[in-house]
Amino acid sequence: MEFNLETFSSFVSLFGTACGLVSRVPQVYKVYKSQSANDLSTNTMRLNITANSCFLFYTLVHEQYPIMMNCLAVITLEGSLLYMKHKLGKMKKSSSQTSLVGMDLSSMVDEVN
């Protein structure tokens, strides 16, 4: 194997792809565990999906498979974050993991005679 600029750039591309493949995994895991996605920007996630969809098209045309895997991973992980944000709504669960949305508070109110 001859070591030249093209070989080096392939290794750099593979390293960047590996970083891209795992870059959103901690965020997805945190949102899944905390059941809260309130602090995530929907517009930023949509922009990332759009940008990586454009990159994906470019990589398909130019057959750049490592970068294509990165684009697919980002689209998939950002899409899952958008889905969880939509599914979880705006109300965060309490520390007791009791949903605050469906809680019946009428039993906690003292009746006035």
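What the stretch 1-87 shows is 71 Å² of accessible area per residue, with the surface traced by a 1.4 Å probe over protein heavy atoms. By accessible area, using a 1.4 Å probe on protein heavy atoms only, the stretch 1-84 has 67% of its surface on carbon and sulfur.
Evaluated over the Cα positions of the stretch 1-77, the convex hull gives a direction-averaged projected area, one quarter of its surface, of 6.1 nm².
The values are calculated or read from the model by the stated rules, or taken from the named source; none is laboratory data. Only a predicted model underlies this, so the values are computations on that prediction, with no experimental measurement involved. What goes into the accessible areas is simple: the full protein's heavy atoms, side chains included, and nothing from ligands, DNA or RNA. Shrake-Rupley method; radii C 1.70, N 1.55, O 1.52, S 1.80 Å.
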